[in-house]
Amino acid sequence: MAESRQRNRLPENLVIGAIILIVLYSLAGFLVLPWWLKRALPDQLAQHMSWQADIAEISSNPFALSVEALNLSAHDSDNQKVVGFERLYINLNFFELIRGIVGFEAIELDEPFIRVDLLDDYSVNFVRDFQAASARDEGLADESTEPEEGQSPPLLYFQQLNINGGELLFRDFTKPEMAEFRIMPLDLTLSDLATWQRDDRNSDYHLQAAKGDHSVEWQGNLSITPLYSSGSLAISGVDHKTIGHFLAPYLPYGLLGGKVSVASDYELQAGDTLQLTTTNGRVLVENLAVAPNRQAEQARLSAVSIAINDIGFDLRAREARVGQITLAQPDVALARNNRGEIDWIAALAEFSKESEAGNEGKAPESGEPAPAETQQPFRWSLAGIDVSEGRVLWQDQQPGSPAELVIEPLSLSIGSVNSAMENQVPYELQAALGSGGTLSVKGQLTPQPFTLEAAISGSGILLAVFEPYLQESANLAIAGGTLGLDGNLDLDGQQEPLTGTFSGTAEVSGLNLQLPDSKERLVSWQTLRLAPIEYNVHPARLEIGTVTLAEPAINLVRNPDNIHNVEQISLASATADAAEPAPEEPADEPGLIFRIGQLVIEQGALDYTDRTLNPAFTTSIDRLNGTVSGLSNVSPQQGKVALKGRIGNSASIDFDGTIGTLGAEETNSLTLVMKNLSLPALSPYLGRYLGYSIDSGKLELDLDYEITGSQIKASNRVIMDRLGLGQSIASKDAVNAPVKLGLALLRDSDGVIDVNVPVSGDLSSPDFRVGQVVMRTFVNLLAKAATSPFSMLGSIAELAGLSGEELGQVSFEPGTSRLGQGEAEKLAALGKALLDRPNLLLNVRGGVSPETDGLALLRDEMEASQGGELTEQAWEEAREAYLAGERSLAPETLSNLANTRGTALMEILRDTHGVPGKQLFLLEPSRDATVSEDGQVIVGFTLDTR
């Protein structure tokens with residue numbers, strides 16, 4: 001019976017034991033475990049991390065297999081908070097534990113806080129604190145925590161993991177100034193995650209985080225064994241400060257503004273090889289602002305938005321795909337300093353030097369990828385680029401005068417291109433210059449091998465904006481002018497050297513060039529049109545069908561300093577450089593070949609002013625029309641010139657001839673005929689050399705030039721009709737001779753001066769000027785005529801066998817008024833010359849030689865008194881007495897003979913040869929006449945003019 005009672009108490013004992021166990025389990029779960037965790041957790045953090053931790057409350061439910069901790073806060077040795085949370089709730093799954101799986105039915109973490117510090121040595125505060133704690137506990141056994149090879153990971157299962165409202169504080173101490181970034185709120189949802197392989201399903205996750213205005217959203221599914229994940233990642237609104245902080249070591253420029261948003265779908269799988277593919281990628285950059293260097297505070301590159309769509313990447317296939325890149329309102333400013341450095345390129349070059357210096361001496365890291373030749377080539381493709389409403393500002397300080405060029409608006413589209421670089425890529429550019437004008441380029445190119453096709457069109461491009469660059473080589477200012485062009489450019493780089501052609505037309509309208517700081521027009525034209533243009537890149541060849549120059553005008557001025565305004569176009573530096581020999585081109589490098597079919601000049605004009613004269617000399621050529629055809633530097637070539645115009649508003653000018661091959665030692669034959677130019681218009685210029693103003697007359701020129709290389713041979717026929725002198729002019733350059741006499745000698749009976757002035761010389765000589773040589777030659781001819789009038793008269797009269805000296809004198813037989821032998825023909829020639837030049841006056845002065853004529857008269861007198869019989873002894877005695885002054889003639893004998901001779905000459909010229917008496921003047925007789933070698937007495941003439 002006792003045994004029976006004992007058996008009856010067994011269930012009670014079991015129940016009591018169970019109750020005791022439950023009570024103990026409850027006590028341990030509800031009381032002991034929270035108490036132990038609240039003490040152990042701070043101790044563990046202090047032991048392993050040297051952190052001082054404080055937790056407000058820990059509770060557990062052993063029946064629900066849950067633990068809840070509230071208000072954990074841990075501080076490091078600097079008493080700064082490292083980690084913390086408001087609430088942590090963990091709920092285990094009892095049935096998973098039975099299966100040997102640590103299953104978390106729910107993990108909830110509310111308002112967690114984590115502070116991650118990137119220290120100046122690029123270590124992390126967590127590692128630093130752990131290593132510091134380990135060093136303190138040195139001597140403890142170092143138990144390896146690395147899993148053995150082939151060991152499987154523990155079986156863990158997370159049914160639901162939630163992080164709500166977390167905060168991540170990241171602080172960067174690697175820079176001189178610490179930077180911190182707060183990511184909050186941080187929300188994560190993870191469900192159905194297992195650490196073992198499951199073929200039927202994957203886990204799902206969803207992460208959301210925010211830092212200020214930008215956010216991160218990451219969602220998809222995940223498998224750990226094998227590692228597999230697919231989903232989408234979106235990061236939006238990342239500001240430029242955040243990006244700039246992390247990219248600063250890799251960027252030579254300064255980010256001053258902008259936000260970046262990135263989104264993509266992805267698939268990641270880890271097996272024998274890592275596989276990663278992304279699809280539907282998108283990048284959006286808004287309000288970008290970039291400075292050309294890190295120190296600049298002003299943005300020089302900006303864009304309202306940069307959008308890149310349809311981005312895809314395949315790691316295994318080594319392929320990247322990029323859709324359309326769209327740039328909205330990009331604005332870029334480029335500046336070149338006076339040393340020729342462009343700001344963006346200079347910053348990049350300096351950054352490259354710093355990078356090379358930083359990498360110098362670094363040993364190659366282990367685990368480098370295989371050489372590129374052993375890997376599959378990387379492939380990429382780009383759907384295209386589209387730029388709209390762009391703006392480019394170019395500022396150049398290198399020219400003497402700063403240049404600024406604005407292109408706005410700018411639109412650009414580029415078609416698809418890929419890594420093969422073998423397909424044709426279409427493109428189109430539309431741009432307008434801020435100063436005026438438009439430019440359009442459209443075509444296609446092949447990157448490799450390089451070929452380019454471009455249709456180029458531009459209109460209304462203001463040339464004034466390019467003035468600083470023109471002034472680098474010429475002292476010119478552009479007061480007006482526009483450029484237009486239309487053509488096709490084809491380039492081909494399949495073989496060296498680059499070949500290609502340009503064909504089209506070009507036009508410069510309304511050009512007006514001046515000297516800087518001058519308001520006077522220098523060169524201008526209404527239109528310069530070149531059509532068609534054919535240019536070949538290699539070998540260099542330029543062919544222009546017709547060059548049409550409408551209403552060209554040149555204002556040529558000779559300043560008081562004797563320098564022409566066109567001479568001021570050349571820069572002083574250019575003159576200095578010209579003294580240095582130019583580098584010789586390689587013998588195998590052909591020079592430029594050019595041909596111009598025809599140059600057409602319409603209504604051309606040239607104004608010339610010489611301010612070295614007082615009053616200033618001015619003249620003009622207008623209504624210049626004609627053609628110059630067949631210009632080339634390739635032999636054989638025979639060009640032609642045919643130009644007609646007007647000079648001085650009345651005279652006509654014709655310019656004709658042939659032109660040989662330019663640059664060759666061929667002869668150019670040119671003629672210029674000018675008629676009916678009013679000579680008074682030349683009064684300031686001619687008066688300077690003649691000493692008289694020009695009162696009347698007309699000028700004609702007939703110039704015939706032959707130019708071979710730099711050698712010139714010219715015939716200058718100058719015809720002056722009825723040239724009349726006015727008042728005398730004081731001039732130091734005036735000829736020192738009786739100008740009026742010289743002009744009278746040069747005039748014919750019709751009052752015309754017709755002379756030929758030959759010129760020859762070397763045009764390359766700086767001292768040789770054709771116009772100056774012609775004028776000097778004419779003035780010298782005039783001086784010769786005035787100082788040696790009979791020489792000039794003899795040359796003009798063309799007296800055969802008579803010199804100018806012979807024409808200016810006649811000889812008489814001694815003691816008589818009979819002309820010597822042949823003297824009558826001389827008087828006939830002189831009479832004709834006087835008749836041809838009615839303004840000439842001949843002065844006749846009868847003369848005797850007292851010795852020669854006296855002896856002849858004495859002999860005649862003695863013979864007459866002695867009946868014709870005179871002995872030689874008697875004559876010799878009388879001769880000696882006469883010469884000794886012991887015997888003489890009647891006082892009037894010699895004077896009568898001199899008067900008779902002068903009168904005889906006057907009568908012969910007047911009565912025999914018809915010379916008007918008003919041209920003849922008898923002067924007082926002379927008693928010192930010379931005697932010729934044959935004993936004839938010579939009487940001379942002098943010329944004069946009214």
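The values are calculated or read from the model by the stated rules, or taken from the named source; none is laboratory data. None of these values were measured; they are calculated from a predicted model. Glycine gets a Cβ as well: all are built from the backbone with ideal geometry, and neighbour counts include every protein chain shown.
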Which residue, of Glu96, Glu111, is at positive phi and over 60 Å from the mean Cα position of the chain (by Cα)? Glu111
Just checking, which of Thr619, Thr658, Thr609 is in contact with a Gly (Cβ under 6 Å, 6 or more places away or on another chain), modelled with pLDDT under 95, polar (S, T, N, Q) and outside the structural domain of Glu700 (by TED's automatic domain parsing)? Thr619
Given (1) under 25 Å from the mean Cα position of the chain (by Cα); (2) surrounded by fewer than 16 Cβ atoms within 10 Å (Cβ to Cβ); (3) at pLDDT 95 or above, number of the condition Ala550 does not satisfy: (1)
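Listed residues Asp622, Asp695, Asp702, Asp607; which is assigned to a strand (DSSP E or B), of a type in the set (Asp, Glu), surrounded by 15 or more Cβ atoms within 10 Å (Cβ to Cβ) and over 43 Å from the mean Cα position of the chain (by Cα)?
On the way: Asp622 fails: over 43 Å from the mean Cα position of the chain (by Cα); Asp695 fails: surrounded by 15 or more Cβ atoms within 10 Å (Cβ to Cβ); Asp607 fails: over 43 Å from the mean Cα position of the chain (by Cα).
Result of the check over Asp622, Asp695, Asp702, Asp607: Asp702.
Name the residues in segment 45-80 that are of a type in the set (A, V, I, L, M) and touching a strand residue (DSSP E or B) at 6+ places or on another chain (Cβ under 6 Å), would you?
Leu45, Ala53, Ile55, Ala56, Ile58, Leu65, Val67, Ala69, Leu70, Leu72, Ala74
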Name the residues in segment 272-297 that are under 17 Å from Arg391 (Cα atoms), out of contact with any Gly (no Cβ under 6 Å at 6 or more places or on another chain) and touching a residue at least 40 places away in the same chain (Cβ under 8 Å), would you? Pro292
So, Gly400, is that one buried (at least 16 other Cβ atoms within 10 Å of the Cβ) and modelled with pLDDT under 90 or not? no
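For residues in segment 817-870 being among the acidic types (Asp, Glu) and surrounded by fewer than 15 Cβ atoms within 10 Å (Cβ to Cβ), which is nearest to Glu924 (Cα to Cα)? Don't jump to the end; show me each part of the working.
Initially, segment 817-870 is screened for residues among the acidic types (Asp, Glu), giving 823, 825, 836, 851, 853, 860-861, 863, 869.
Among the residues that remain, those that are also surrounded by fewer than 15 Cβ atoms within 10 Å (Cβ to Cβ) are: 825, 851, 860, 863, 869.
Numbers: Glu825: 25, Glu851: 20, Asp860: 26, Glu863: 31, Glu869: 37 Å.
Applying the filter and picking the extreme gives Glu851.
Within the bounds of segment 264-276, is there any residue that is in a loop (DSSP other than H, G, I, E, B), closer than 30 Å to Gly415 by Cβ and not assigned by TED's automatic domain parsing to the domain that holds Gln219? Let's see the steps before the verdict.
In the first step, residues of segment 264-276 are kept if they are in a loop (DSSP other than H, G, I, E, B); the result is 271-273.
Filter once more, so that each one left must be closer than 30 Å to Gly415 by Cβ: none.
No: segment 264-276 contains no residue that is in a loop (DSSP other than H, G, I, E, B), closer than 30 Å to Gly415 by Cβ and not assigned by TED's automatic domain parsing to the domain that holds Gln219.
Tell me the residue from Leu922, Leu889 that is touching a Lys or Arg at 6+ places or on another chain (Cβ under 9 Å), of a type in the set (A, V, I, L, M) and outside any helix (DSSP H, G or I), please.
Details: Leu889 fails: touching a Lys or Arg at 6+ places or on another chain (Cβ under 9 Å).
Result: Leu922 is the single residue among Leu922, Leu889 that is touching a Lys or Arg at 6+ places or on another chain (Cβ under 9 Å), of a type in the set (A, V, I, L, M) and outside any helix (DSSP H, G or I).
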In segment 659-688, what residues are closer than 23 Å to Val759 by Cβ and over 47 Å from the mean Cα position of the chain (by Cα)? Leu679, Gly687
Name the residues in segment 828-856 that are in a helix (DSSP H, G or I), at pLDDT below 90 and in contact with a strand residue (DSSP E or B) (Cβ under 8 Å, 6 or more places away or on another chain), would you? Leu830, Ala833, Leu834
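Yes or no, residue by residue, for (1) loosely packed, with under 14 Cβ neighbours inside 10 Å; (2) within 23 Å of the chain's Cα centre (by Cα):
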{"residue": "Pro497", "(1), (2)": "yes, no"}
{"residue": "Thr505", "(1), (2)": "no, yes"}
{"residue": "Arg521", "(1), (2)": "no, no"}
{"residue": "Pro532", "(1), (2)": "no, no"}
For segment 281-295, check the following and say yes or no: at least one residue is surrounded by 15 or more Cβ atoms within 10 Å (Cβ to Cβ), assigned by TED's automatic domain parsing to the domain that holds Gly390, at pLDDT 90 or above and part of a loop (DSSP other than H, G, I, E, B). no
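Can you tell which of Arg910, Arg901 is in contact with a helix residue (DSSP H, G or I) (Cβ under 7 Å, 6 or more places away or on another chain) and modelled with pLDDT of 90 or more?
Numbers: Arg901 fails: in contact with a helix residue (DSSP H, G or I) (Cβ under 7 Å, 6 or more places away or on another chain).
Selected residue: Arg910, the only one of Arg910, Arg901 that is in contact with a helix residue (DSSP H, G or I) (Cβ under 7 Å, 6 or more places away or on another chain) and modelled with pLDDT of 90 or more.
When you look at Thr661, is it in a loop (DSSP other than H, G, I, E, B), among the polar types (S, T, N, Q) and buried (at least 18 other Cβ atoms within 10 Å of the Cβ), yes or no?
Considered against the rule, which asks whether it is in a loop (DSSP other than H, G, I, E, B), among the polar types (S, T, N, Q) and buried (at least 18 other Cβ atoms within 10 Å of the Cβ), Thr661 comes out as yes.
Tell me the residue from Leu613, Leu643 that is in a loop (DSSP other than H, G, I, E, B), within 23 Å of Leu522 (Cα to Cα) and aliphatic (A, V, I, L, M), please.
Working: Leu643 fails: in a loop (DSSP other than H, G, I, E, B).
Exactly one of Leu613, Leu643 is in a loop (DSSP other than H, G, I, E, B), within 23 Å of Leu522 (Cα to Cα) and aliphatic (A, V, I, L, M), namely Leu613.
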I'd like to know if segment 897-905 contains one or more residues that are over 30 Å from Arg946 (Cβ atoms) and buried (at least 16 other Cβ atoms within 10 Å of the Cβ). yes
Out of (1) farther than 22 Å from Leu606 by Cβ; (2) touching a residue at least 24 places away in the same chain (Cβ under 8 Å), the odd one out for Lys442 is which? (2)
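Conditions (1) closer than 25 Å to Glu57 by Cα; (2) in contact with a strand residue (DSSP E or B) (Cβ under 6 Å, 6 or more places away or on another chain); (3) at pLDDT below 85; (4) surrounded by fewer than 17 Cβ atoms within 10 Å (Cβ to Cβ), marked per residue:
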{"site": "Val83", "(1), (2), (3), (4)": "yes, yes, no, no"}
{"site": "Ile107", "(1), (2), (3), (4)": "yes, yes, no, no"}
{"site": "Asp110", "(1), (2), (3), (4)": "yes, yes, no, yes"}
{"site": "Asp117", "(1), (2), (3), (4)": "no, yes, no, no"}
{"site": "Tyr122", "(1), (2), (3), (4)": "no, no, yes, yes"}
{"site": "Arg128", "(1), (2), (3), (4)": "no, no, no, no"}
{"site": "Thr145", "(1), (2), (3), (4)": "no, no, yes, yes"}
{"site": "Phe158", "(1), (2), (3), (4)": "yes, yes, yes, no"}
Any residue in segment 660-689 that's closer than 25 Å to Val779 by Cα: show its pairings with residues that are hydrophobic (A, V, I, L, M, F, W, C) and at pLDDT below 80 at Cβ separation under 6 Å, as long as the two are six or more apart or on different chains. Pro684/Leu613; Arg688/Leu613; Tyr689/Val779
Go through segment 541-572 and count every residue that is more than 21 Å from Asn512 (Cα to Cα), among the small types (Gly, Ala, Ser) and part of a strand (DSSP E or B). 1
In segment 730-747, what residues are more than 16 Å from Ser696 (Cα to Cα) and of a type in the set (Val, Ile, Thr)? Val735
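Residue-wise test of (1) surrounded by fewer than 17 Cβ atoms within 10 Å (Cβ to Cβ); (2) on the phi < 0 side of the Ramachandran plot.
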{"position": "Thr174", "(1), (2)": "yes, yes"}
{"position": "Glu180", "(1), (2)": "yes, yes"}
{"position": "Pro185", "(1), (2)": "yes, yes"}
{"position": "Ala209", "(1), (2)": "no, yes"}
{"position": "Gly212", "(1), (2)": "yes, no"}
{"position": "Gly220", "(1), (2)": "no, no"}
{"position": "Pro226", "(1), (2)": "yes, yes"}
Which numbered condition Arg318 misses (of (1) in contact with a Leu (Cβ under 8 Å, 6 or more places away or on another chain); (2) at pLDDT below 90): (1)
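I'd like the full set of residues that are at negative phi and either of a type in the set (A, V, I, L, M) or crowded, with 18+ Cβ neighbours inside 10 Å (or both), limited to segment 419-429.
Of the residues in segment 419-429, the ones at negative phi are 419-420, 422-429.
Correct list: Ala420, Val425, Tyr427, Leu429.
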Filtered residues of segment 716-739 (kept if surrounded by 15 or more Cβ atoms within 10 Å (Cβ to Cβ), assigned to a strand (DSSP E or B) and polar (S, T, N, Q)): Asn716
